[in-house]
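Scroll down for the structure; my scribbles are underneath it.
Please treat every number below as a calculation from the coordinates, not as lab data. Keep in mind that this is a model prediction, so the values were computed, not measured. Ideal geometry is used to build each Cβ from the backbone, glycine not excepted, and the neighbour counts take in all protein chains shown.
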Amino acid sequence: MDIPERSEQSIAESAAPEATEARAASEAPEAPGTPEAPETPHPAPRVRRRGRTALLLTAAAVLGVVAGTCTGYLIQADREPTPLPPLPQTVVEQAKGRVEPLPAAQDPRVRTDGDLRKLLIPRPSGARDLSYPLGDDGWMTLADFANEYEEPRQAFAEQLVMEFRRAAVTSWRTTDTHQVEIYLVQYRQEEKVAAAEQADNGMYFAEHESGSRSWPIPGTGDGRAYVIDSPYREPGYLPLYSARAHAWRGDIAMDIYIYDTKPISKKEIMSLAQRQVGRL
């Protein structure tokens, strides 16, 4: 016995009640007072600091960029300067009375608002300059500091959000392969405790390095020093070992990095970290 085929019209008619109910449900107004589900905020991505081997590999490319930039400056130097509009002259009334400043012993910002470079520990006797320059006369601009990361543009934007104020740096080498870098980064901290965030970012990546061992730095609360036992290897280069320390105090974050082609001891990184924290 042949089974008659269902026509398209009969199929549509049989499905009509279900389709009508689905359409009515989709078009029905939302119940009053039902809040929309809030979007889950995504945390800002962390930015990893670039390794020294990667910096050496990119040195040739950077020289080409610098040459082009110098040419642009020479062309601009031959042009007539464009006059600037006059500045508005706003009259500010002198406040009445005299406000005495806090004594230095009661104002913790007296020391940190001075020359930040004076808070850096001095170089050891016989130390030499690194083969790559860091900063200018002990200072680092925001652009220079952001360039120390694998994603400089992202790091630059993130440091702006964190209210970067200034950065001081010292560095040296005791042998051709043993190199030390110390950074003090100061933030305005009007909106957030950015110094703690900067230290936390460094500790995050140090914790996730292969072969990482760490110890708390006394007197810092949550500051830690790390020794990375698994070296970074790349064809054509000696293995690169590293040790680092991250901590913060007030509005200043401290980052210390040691590099060598031989393993670095816990004693050395802990000694540097404790001496530097003691000056903050």
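Derived scalar couplings between HN and Hα for the stretch 172-177 equal 6, 9, 9, 9, 5, 10 Hz in order, rounded to whole Hz, by the Karplus curve 6.51 cos²θ - 1.76 cosθ + 1.60 (θ = phi - 60°), x for Gly and Pro. Taking the Cα centre of the stretch 112-277 as reference, the dipole from Cβ charges on Lys and Arg (+1) and Asp and Glu (-1) amounts to some 680 debye. If a spin label sat at a point 7 angstrom from the Cα of ARG279 along the line to its beta carbon, the backbone N atoms of the stretch 205-247 nearer than 20 Å would be those of 217-221, 223-226, 243-247.
Quote the relative contact order of the stretch 112-277 in percent (integer), defining contacts as alpha-carbon pairs under 8 Å separated by 6+ residues. Could you put the intermediate results ahead of the total?
Details: 320 pairs, mean separation 32.6, N = 166.
So the answer I get is 20 percent.
Quick one: Debye curve from the alpha-carbon atoms of the stretch 112-277 only, equal weights, vacuum; give me log10 I(q)/I(0) at q = 0.16 Å⁻¹ to two decimals. Per q value, in the given order, log10 I(q)/I(0) is -0.96.
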